[in-house]
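S.K.: The structure follows.
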Amino acid sequence: MRAMQIIDDLTQGQQTFACHKTTISVEDHEGYSAKQAGPKSQHCAGAMILLKKIGRANQMMRWMERLGGYHPRRLDMTAPVFDSPAEFINAHGRAHRDMCRRAGTKA
């Protein structure tokens with residue numbers, strides 16, 4: 001479900017997706033830790049590459065290109081990034097099923 005939400009947010013919602021290397025850890029009121037975008041977060045290069053591959057640069061990418069903060073030619077299009085949203089979603093679904101199988105639970 002999360003993979004589908006990410007793709008929908010990027011393509012339909014025109015949202016950004018923070019690079020995991022630039023997120024910060026936060027703790028909720030129950031003590032659970034999670035990652036979220038912080039003041040120095042950057043857009044995920046893998047997400048931008050996927051959007052470029054499918055010809056769907058989102059609103060933020062277009063704005064930042066016009067402002068000079070994003071240069072599409074600098075993206076490494078040979079990086080190991082999924083070729084389509086379906087491939088991204090399917091791979092994450094398999095990973096979830098594998099994790100559940102190892103834990104002895106149902107996906």
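The values are calculated or read from the model by the stated rules, or taken from the named source; none is laboratory data. Keep in mind it's a predicted model, so treat the numbers as computed, not measured. Quick reminder, even Gly has a Cβ in these numbers, built from the backbone with ideal geometry, and neighbours come from all protein chains shown.
S.K.: Quick one: in segment 48-57, which of the residues that are in contact with an Asp or Glu (Cβ under 9 Å, 6 or more places away or on another chain) and outside any helix (DSSP H, G or I) is nearest to residue 12 (Cα to Cα)?
M.R.: Of all residues in segment 48-57, those in contact with an Asp or Glu (Cβ under 9 Å, 6 or more places away or on another chain) come to 49-50, 53-54, 57.
Checking which are outside any helix (DSSP H, G or I) leaves us with 54, 57.
On the way: 54: 13, 57: 11 Å.
Top of the filtered list is 57.
S.K.: So if I check each of 36, 5, 15, which one is under 25 Å from residue 91 (Cα atoms) and either in contact (Cβ under 8 Å) with a residue 24 or more places away in the chain or hydroxyl-bearing (Ser, Thr, Tyr) (or both)? Write out each step before concluding.
M.R.: Numbers: 36 fails: either in contact (Cβ under 8 Å) with a residue 24 or more places away in the chain or hydroxyl-bearing (Ser, Thr, Tyr) (or both); 5 fails: either in contact (Cβ under 8 Å) with a residue 24 or more places away in the chain or hydroxyl-bearing (Ser, Thr, Tyr) (or both).
Of 36, 5, 15, the one residue that is under 25 Å from residue 91 (Cα atoms) and either in contact (Cβ under 8 Å) with a residue 24 or more places away in the chain or hydroxyl-bearing (Ser, Thr, Tyr) (or both) is 15.
S.K.: If the Cβ limit is 6 Å and pairs must be 6+ apart or interchain, which residue in segment 76-95 that is over 12 Å from residue 48 (Cα atoms) pairs with which residue that is assigned to a helix (DSSP H, G or I) and among the aromatic types (Phe, Trp, Tyr)?
M.R.: none
S.K.: Give all pairs with beta carbons closer than 8 Å in which a residue from segment 46-68 that is among the polar types (S, T, N, Q) and surrounded by 15 or more Cβ atoms within 10 Å (Cβ to Cβ) meets a residue that is in a helix (DSSP H, G or I) and modelled with pLDDT of 90 or more; count only pairs at least 6 apart in sequence or on separate chains.
M.R.: 58/51
S.K.: Filter segment 35-47 down to the residues that are assigned to a loop (DSSP other than H, G, I, E, B) and either under 17 Å from residue 5 (Cβ atoms) or among the acidic types (Asp, Glu) (or both) and list them by number.
M.R.: Of segment 35-47, the ones assigned to a loop (DSSP other than H, G, I, E, B) are 38-42, 44.
The one that is assigned to a loop (DSSP other than H, G, I, E, B) and either under 17 Å from residue 5 (Cβ atoms) or among the acidic types (Asp, Glu) (or both): 44.
S.K.: Continuing with this model, one more query. What is the one condition in (1) within 22 Å of residue 93 (Cα to Cα); (2) over 13 Å from the mean Cα position of the chain (by Cα) that residue 30 does not satisfy?
M.R.: (1)
S.K.: Could I ask something else about it? Is segment 12-25 home to any residue that is within 16 Å of residue 83 (Cα to Cα) and at pLDDT 85 or above? Step through it out loud before you land on a result.
M.R.: First, the residues of segment 12-25 that are within 16 Å of residue 83 (Cα to Cα): none.
The answer is no; no qualifying residue exists.
One line per residue, one yes/no per condition, for (1) under 18 Å from residue 9 (Cβ atoms); (2) at pLDDT 90 or above; (3) part of a helix (DSSP H, G or I):
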position: 63; (1), (2), (3): yes, yes, yes
position: 80; (1), (2), (3): no, yes, no
position: 86; (1), (2), (3): yes, yes, yes
position: 91; (1), (2), (3): yes, no, yes
position: 94; (1), (2), (3): no, no, yes
position: 99; (1), (2), (3): no, no, yes
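S.K.: Got at least one residue in segment 8-19 being crowded, with 18+ Cβ neighbours inside 10 Å and not aliphatic (A, V, I, L, M)?
M.R.: Scanning segment 8-19 turns up at least one residue that is crowded, with 18+ Cβ neighbours inside 10 Å and not aliphatic (A, V, I, L, M).
S.K.: Can you find, within segment 60-85, the residue that is farthest from residue 16 (Cα to Cα) among those that are under 18 Å from the mean Cα position of the chain (by Cα) and aromatic (Phe, Trp, Tyr)?
M.R.: Applying the filter and picking the extreme gives 82.
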